[in-house]
Each structure stands twice: as structure tokens, then as C-alpha cells.
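To start, the structure under review is shown below, and the notes come after it.
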Amino acid sequence: MLDLGFVSAILVDHSFEEVMAYAAANGFRCVEIMCWPKDNSDSRRYAGVSHIDVDALDATAIKHIKAIQQTTGVYISGLGYYPNPLDANEEQGAYFRAHLQKVIKAAAALDIPVVNTFIGRDQSRNIADNLSKYAEVWPELIQTAEAHGVKIGIENCPMFFTNDEWPGGKNLAISPAVWDKMFEIIPSAVLGLNYDPSHLVWQMMDPIQPIYDYKDRLHHIHLKDAKVYPHKLNRVGIMANPLEYHSPKLPGLGDVDWRKFFAALTDVRYRGPVCIEVEDKAYEGSDEDVNSAILTARNYLRQFLA
């Protein structure tokens, strides 16, 4: 019922063909493929990875990408591009939105059902102000998605970890209260969630209930864990930068109750990709560590999957 995959950003030095071959060799059904532009200006971790160059997606490239999926038996669960479409720098925000348009059209050309991304946020402004900007710029993106038969999965990461994103973070879609506003402003069914439970954990929210509440908006699933360290939290408090009291972890090494998580997915009859997102710094020292991270997560999660 659920197809296990991973997010390709962790295999930054691999080609598309190598990523798909690795997935096939290690028993994965799918991969979320990163599609950042070649002249990307975002230097944060995991940004800038491009395993499909949508600017070079001609008929030959499309045929090749589809052939690789057939020969490996691994499909592309979604195209991923996670910039800040609501960037305070309007020129930068417009650039991000223009490339996102290209990714949406590339997904349609490749028969890939979903594009995963962020809403974005002006980190210096409040939620209401950002919702106003969202109402101005996002309808055009959703209209493109509708016209091309592509769903948009918004990852619910606040993009607030360190001083670089202080005080508000760089992604508006942080909570169910905000999601409700997003879906009220743009009621289109193509707009949904690329749901990641780990971000609710460190925000001190229930990561399971949203699966039930937003079952019709679950367009894609990320599997990542988070570990909150009570002794650190008790020292710095929730007003501190979030990485001062928590760490992203591999599934099974943090505080998500994965048995309840997968029980909820089956309760709501979710069918589709569930992709491991590796952002655990403990597994980033070498290529061997990265390989270990992917396979350790795979081995843990297999108990919940057929």
C-alpha cells in the first residue's frame, strides 16, 4: 500500500542514473528527485541539488528519464524544489517562483504527479502579512499546476533553525492553523501537504492527528524524525533558536511514534510514496555514513511496510 523511497538531496554527488540505480539495488520503490536550478544562490544544507535539470528537459531527456524508471523499476515519486517564493527580496522571490513554474511543467512532461516545495515567508513579518503576500503570488502557481494536472505538496517545515532564519523562519506552512488559512485562500484540491511529522515534534505539537484531519491533502509523505533534548530545552526555552534544543534524526532515533504514524496512514487509506529524508548530522561524515543512514532508516521502517 505504501511505497518506500528517499529524497535524492542526500546523494548530492551522484548522477540521476546513479541515484535510481542505488534505489533499485537497495530495494526502494521510488525516489523524490531534486530539481534546483544550476545557478542556485541558496547555500544552505541540502539546497542546490539537481538530479534533473528542468532547463534542459527536451524530448530526448524526457525519453531517457522515463526509460531509466522502466529499467530500474523505480519511479519518481515527485520533483522537489524548496526555495523561498515569498522572499523579502522581490527579485529573488520572483526568480524562485519562475523556476518553480518550470518544475511544475517538467513534472507534467514526465508524468510525475506531484511537485514538493515550500510556501516561503518573509521572516521579518508576521503570519497575517505573509498570508496576504501568499494570496497575491501563489494563485498563479496553483493555476499552472491545475492546468498541467500536477499536485503541489507543501512541506510543513518552518525553516527556522538558527540565526539565519530568525525570527520567523522562511516557510509559512508551519501549523494546522496556517494550513487552514492557506486552503481557505486557495481552495484548489491540487494544493496539499508533503507531510513531515518531525517538524511538529519540536514545535511541541501532535504529529499524528494531522494525518486524520488533512487526509485529503496528503499529496506526499516525508519520513524524518526529531529528537527534543529536555535538558537543553529546560535551559534555553522555546524562544531559543530551535537547533539549540532539538536535532533532526533518522526515523526511529527521535521522538515520533512511528507505529502510531503508520497506523494513522493506513486508517485514512493513504496510498502512495513515503520517502526517507536524511538530515541527521550524525550520519554525514562520509559516503559510508550517508549509505548507512539511508539503509538504517530503510531497515527500521520495513517493519511497518509490506
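The values are calculated or read from the model by the stated rules, or taken from the named source; none is laboratory data. No experiment lies behind these values; they were computed from the predicted model shown. Heads up, the Cβs are rebuilt from the backbone with ideal geometry, glycines too, and the neighbour counts pull from every protein chain shown. Side chains included, ligands, DNA and RNA excluded: accessible areas come from the protein's heavy atoms. Shrake-Rupley method; radii C 1.70, N 1.55, O 1.52, S 1.80 Å.
Observations
- The heavy atoms of residue 266 present about 60 square angstrom of accessible area, all protein chains included, probe 1.4 Å.
- ³J(HN,Hα), Karplus 6.51/-1.76/1.60, whole Hz, each residue of segment 268-284, x for Gly, Pro: 8, 6, 5, 10, x, x, 10, 10, 5, 10, 8, 9, 8, 4, 5, 10, 10
- Placing +1 on each Lys and Arg Cβ and -1 on each Asp and Glu Cβ, with no other charges, gives segment 122-272 a dipole about its Cα centre of roughly 480 debye.
- Structure-derived log10 I(q)/I(0) by the Debye sum over Cα atoms at q = 0.07, 0.08 Å⁻¹ - corresponding label in (i) -0.24, -0.32; (ii) -0.54, -0.61; (iii) -0.42, -0.54: (i)
- Among 240, 56, 107, residue whose mean-square fluctuation peaks in a GNM of the chain (springs only between Cα atoms under 10 Å): 56
- Ellipticity at 222 nm from helices only: DSSP H runs of n ≥ 4 in the chain, each -39500 (n - 2.57), divided by the residue count, give -12000 deg cm²/dmol.
- Here the Gaussian network model covers the chain, with springs between Cα atoms less than 10 Å apart; of 230, 242, 187, 230 fluctuates the most.
- Rg over Rh for segment 1-40 works out to 1.01, using Cα positions for both radii and the Kirkwood form for Rh.
- Potential lengthening of the chain between residue 66 and residue 215 amounts to 50.7 nm, from the contour at 0.36 nm per residue minus the alpha-carbon distance.
- Surface accessible to a 1.4 Å probe, residue 77 within the full protein complex, Å²: 0
- What the Cα atoms of segment 165-306 give is an Rg and a Dmax of 15.9, 46 Å.
- Residue among 217, 271, 121 with the largest mean-square fluctuation in a Gaussian network model of the chain, springs linking Cα atoms under 10 Å: 271
- Per-residue SASA entry for residue 261, accessible area with 1.4 Å probe, Å² rounded to 10: 0
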